[in-house]
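The values are calculated or read from the model by the stated rules, or taken from the named source; none is laboratory data. It should be emphasised that the depicted structure is a prediction, and the values quoted were computed from it without experimental measurement. Methodologically, a virtual Cβ is constructed for each residue, glycine included, from the backbone with ideal geometry; neighbour enumeration extends over all protein chains shown.
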Amino acid sequence: MLENMIFISYRRADTAPHTLALKLELEGRLRAAQVFVDTHHIQGGDEWSREIEDALRAATVVMPVIGRNWAGSSAEGARRIDDPDDWVRKEVQLGLELKRQALLPVLVDGTPPVRKTDLPDDCSGLADIQPLRVDLNDWEASVDRLVRILRERFGFEGKETKWSYPPPDPLVAKTIPIPWKDLDDQVRRFLPDWSIEFADDDRRLHHKRIELTRQFSCGTFSAAISFMNLVAEHAKRVQHHPRWMNVWDSVKIWLTTWDAGHRVTALDIEFARFLDRTFDKARARR
């Protein structure tokens, strides 16, 4: 059974870009949320109707995304929503039948609310449910409102990760981030095994950290732990702390200066060069 699932119903010719953007936003902001979009979850060989119905039954929320062309049109000019075999119609009808209290219609970019007179009888109940608006011109605030409703009404949890950081050092805060062109040049010349990565900043939404990163393959788990101990001792001495991850014999390290706005400074370059020297010495002894 799938849990924490949001089933998004949409018409591809109407709101495919909006739906994909919403999927990425919701998966990025909600903990353990599974956002079901037919083109991403139904594979070749799957039985389409069975997959759709199973997903609707399992969903915590059913979210029809409605644009100005939601009713659709066939090659003959008829409305697709009036066809009993239209899948958007079937999804709404099943949602009303199976998950009426979980329906959350979303209107995009100024689309007016649907009216009962515009809907087939088996979908007319959709007009009774208060929709939420999401507009590209007010995207961040619109998605914030949607996420708040999903958390407060349906029990989803946010993805906030609250890390603790050392007290800010006023001297480090004045460290000037290395300009991009110079940073790229220094990494190429002095740190050929390192790369530059962007990552989400857990303290500031939509702000990216810039980090130096390298993965060290130590050969054994014991060697990886020994290497991490050496790194920890150095970090304590210089009061500069990396972000890292250990998986068996590998240690991946990210370096950035928190007090400089999560930017790469001379402190990170020097720390990276120390790590290279330490790793080379340890490898030579093996």
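Listed values, structure above:
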read-out	value
Given (1) surrounded by 14 or more Cβ atoms within 10 Å (Cβ to Cβ); (2) within 19 Å of Asp14 (Cα to Cα), number of the condition Val147 does not satisfy	(2)
When residues of segment 243-273 are limited to those that are part of a helix (DSSP H, G or I) and touching a His at 6+ places or on another chain (Cβ under 6 Å), the one modelled with the highest pLDDT	Phe271
Boolean, Val114 is closer than 30 Å to Arg263 by Cβ, outside the structural domain of Thr257 (by TED's automatic domain parsing) and among the β-branched types (Val, Ile, Thr)	no
Wholly enclosed helices (runs of 4 or more DSSP H) of segment 72-184 bearing at least 2 residues modelled with pLDDT under 95 and not aliphatic (A, V, I, L, M)	87-98, 139-154
Residue among Ile129, Ile176 that alone is within 30 Å of Pro242 (Cα to Cα) and in contact (Cβ under 8 Å) with a residue 24 or more places away in the chain	Ile176
Residue identified as assigned by TED's automatic domain parsing to the domain that holds Pro113, modelled with pLDDT of 90 or more, crowded, with 16+ Cβ neighbours inside 10 Å and among the charged types (D, E, K, R) among Arg29, Arg11, Arg68	Arg11
Selection count where residues are surrounded by fewer than 13 Cβ atoms within 10 Å (Cβ to Cβ) and without any contact (Cβ under 8 Å) to a residue 40 or more places away in the chain, scope segment 233-248	7
